[in-house]
Every structure is written in structure tokens, then in C-alpha cells.
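Report on the following structure.
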Amino acid sequence: MKPEHQDLVLQACGASSLCVGAKIQTLWSGYGEIVRLQLQGSDWPSVVLKHVKFPEEAEHPGGWNTDRSHTRKMRSYQVETHWYQNFSTNQSCRTPACLAARSYGDEMLIVLEDLDVAGYDQRRTSVKDIEIKACLSWLAHFHALFLGVEPEGLWPVGTYWHLETRPDELEAMGHPELKAAAGDIDKILNECRFKTIVHGDAKLANFCFSEGGRDVAAVDFQYVGGGCGMKDVVYFLGSCMEEKQCEKRVPGLLDYYFSELKQSVKKDVDFAALETEWREMFVYAWTDFHRFLLGWKPGHWKINRYSKQLTKEVLRKLKL
């Protein structure tokens, strides 16, 4: 660990010394790593260090190694740093506290609270009903908290699959009817009346659970930005349920999300209008992500019958 990096952590945490612990994960396309640091002489027994280092040559697992891809990733880490330094949530939509963040040329460091120590030490690759609802509750409270807030310094339109940032994937997709409608779908989502700040990558892997699964915290805010809350909801549901589960369970889970949202929004919000609009946006948001997958990875497991049915529904609507 470079001396200047170590000094940043020690000073931010009031620690006398540190020890580099286990690597938590390598960042996407080889853009660095996330490691746990053990501290001595600090109120924080450990912290998590997100160390971004822009590679000379990225190794994208899908083969999308372009200048546009690199620029998007660089911007994503700048956005994440801005998010942690300038935005905060509450216990209802818990995120790790940011203790320090700094750029060093082609490297960036973000020092974060260790959520394992805070009681969110469980990760899930499959979920039960209680855990799905915990995540939907987190999203509802998050969307309510930032309803009407301008995404200053964040992505103007959140989510990593936003059409404007993915022209290569649009060009590569083989569904001519959906390709032709992509701009209209994007416009409908962007012009919705009720906007919030979306997490932008709200997949199951980015939620940290308490031991019983009732409480969650979220991480990874590289693609946080403005937009319709349904984008997070459809992406989360699609990340943890297969097509038959979606067909059976989505209506009830949407009801739960909106019941949580209703309890969380400010009293002066026209909630009936909000719910009506966002329920209408559900199929558009799902189809928008389906559009991205068709271009990015046509063989992806999320390209299933349920997604295709919703896409057909949207295309029929657009022909009316």
C-alpha cells in the first residue's frame, strides 16, 4: 500500500496503524479492488477501501473494451465519490458512511464504513420473501427520500444501461422493432412527472443483509442518478427471480413496494398520481433493461419469456 494512501486512511480514521486484510472483490473489468483494512487505535476496528486504478488495457468480460466504455467507467467512479461526499440517507435506507475520498492521478480511493461490523454481514445469492421485501422497502424509502431532488453532480439519468450511454449495445442488438422503439421508451421514462434519485445498479449482490434478513444496507453507487424509481425495482426483481417466479410474484411485490413508498413520502405528495404513473412505467422500465441485454449479452439468462411478454406489451402500446 502506497504511503500516501495509508496516510489518508490513518488520518481519516484517527488510527495509529493499519493492516491490509482480505480482498473483498476485484472491480469490474480490472479497474481496481475492494479490500478490508484492520485498524489499530481507532474507533473503527476495520474499514473497507475501494481502490480504483484505471488500467492501461481493460479486460471486459463481455468484450466491450472501447474508449466510450472506459470514459463511462471513469465517470462512474467520479459520480460515486460525489455521492458519498455530498448525499446522505437514513436508517430506513442504510448506506456505508464515507470516511474519506481522494483522487491520485489515475487512482481513486474511497474509505467506507465496514458494514459487516455494523451488523450487515450477510450476503445472498438467493432470497426468501422476507429478504426480497427488505430490499424493496429499502428502495421505497430511498426513492421517497430523494423524490423531487435534483441529481446534482450525479448522472443526469441514472442506471448503467441508460440508452444515451449505450449506443454500441443498441447498434449490436438484433430486435429491429425494439431497436426502433428504444428512443421512444427512453423518452417516456425520462419525461415522467415524478422523478427521484435511483440507485442505478440495485441488484441482489449490492445489498448487505442483517443476520435475520429483515434489515439491509446497499453499496455500489457508481450509477446513481435521476429517474423513475421503477428502474431500480424492475432491475432488482429481475436480479433475484426467474421467469416463472416473476409471473407469479411480481404483482404482489409491486403492491408491497408501493405500500412502503406510501408510508415514506412526504404528506404533500400526490401519492395516487405517483403510484398511477410509476405502475404505468413498470413495463417501460423492464423493457428498457431488456433492450440493453439484447445488445450487450443476447444469451443472458434474464432474456426470458416474462421479459419478452412485457416487451410485446410495450410495443403494442407504442403502436396505439
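Classify the range 36-137: rounded, prolate or oblate, from the alpha-carbon gyration tensor (a ≥ b ≥ c, eigenvalue square roots; a/c under 1.5 rounded; otherwise prolate if a/b is larger than b/c)?
oblate
Hey, with R₀ at 22 Å, roughly what FRET efficiency would Ser92 and Lys266 work out to, going by the Cβ-Cβ distance, to 0.05?
Once the sixth-power term is evaluated, E becomes 0.95.
Percent relative contact order of the range 50-179, based on C-alpha pairs within less than 8 angstrom and at least six residues apart?
Relative contact order for the range 50-179 comes out at 26 percent.
Kindly express, to the nearest 10 degrees and within the range 0 to 90, the angle between helix 305-319's C-alpha long axis and the longest C-alpha principal axis of the chain.
For helix 305-319, the angle is close to 60 degrees.
Any chance you could look up the accessible area of Leu8 with a 1.4 Å probe, heavy atoms only, rounded to 10 Å²?
10
Given a 1.4 angstrom probe, I'd like the percentage of the accessible area of the range 216-268 that is carbon and sulfur, rounded to a whole number.
Carbon and sulfur together cover 47 percent of it.
Using Cα-Cα distances under 8 Å and only pairs 6 or more residues apart, what relative contact order does the chain have, in percent?
Answer for the chain is 17 percent.
For the range 116-123, just list the computed ³J(HN,Hα) in residue order, Karplus coefficients 6.51, -1.76 and 1.60, θ = phi - 60°, integers in Hz, with x standing in for Gly and Pro.
Karplus-based 3J(HN,Hα) across the range 116-123 equals 4, 5, 7, x, 10, 9, 9, 10 Hz.
Grab the DSSP H runs of the chain that are 4 residues or longer, score each as -39,500 (n - 2.57), total them, divide by all residues and round the 222 nm result to the nearest 500 deg cm²/dmol.
The helix contribution divided over the chain gives -15000 deg cm²/dmol.
Modelling each spin label as a point 7 Å along the Cα-to-Cβ direction, I'd like the Gln11/Phe54 distance in nm, to one decimal.
According to this spin-label approximation, the distance is 2.4 nm.
Rounded to the nearest 10 degrees, what's the angle between the helix 243-264 long axis and the longest principal axis of the chain, both from Cα atoms, 0 to 90?
Taking Cα atoms only, the helix is inclined about 70 degrees.
Just the accessible area per residue of the range 128-245, please: how many Å² with a 1.4 Å probe?
On a per-residue basis, the range 128-245 sits at 37 Å².
As an exercise, identify the GluC sites (Glu not before Pro) in the range 142-172 lying in DSSP coil whose Cβ has no more than 13 other Cβ atoms within 10 Å.
Hits after loop and neighbour filter: Glu152.
Between 0 and 90 degrees, rounded to the nearest ten: what's the tilt of helix 129-145 against the longest Cα principal axis of the chain?
The angle comes out near 90 degrees.
For His70, what accessible area in Å² do you get when you roll a 1.4 Å probe over the heavy atoms of the protein chains, rounding to the nearest 10?
Rounded to the nearest 10, that gives 60 Å².
The values are calculated or read from the model by the stated rules, or taken from the named source; none is laboratory data. Everything numeric in this text was worked out from a predicted model, so none of it was measured. All Cβ positions, even for glycine, are placed from backbone atoms using ideal geometry, and neighbour counts span all protein chains on display. We work out accessible area using only protein heavy atoms, side chains counted, and drop any ligands, DNA or RNA first. Shrake-Rupley method; radii C 1.70, N 1.55, O 1.52, S 1.80 Å.
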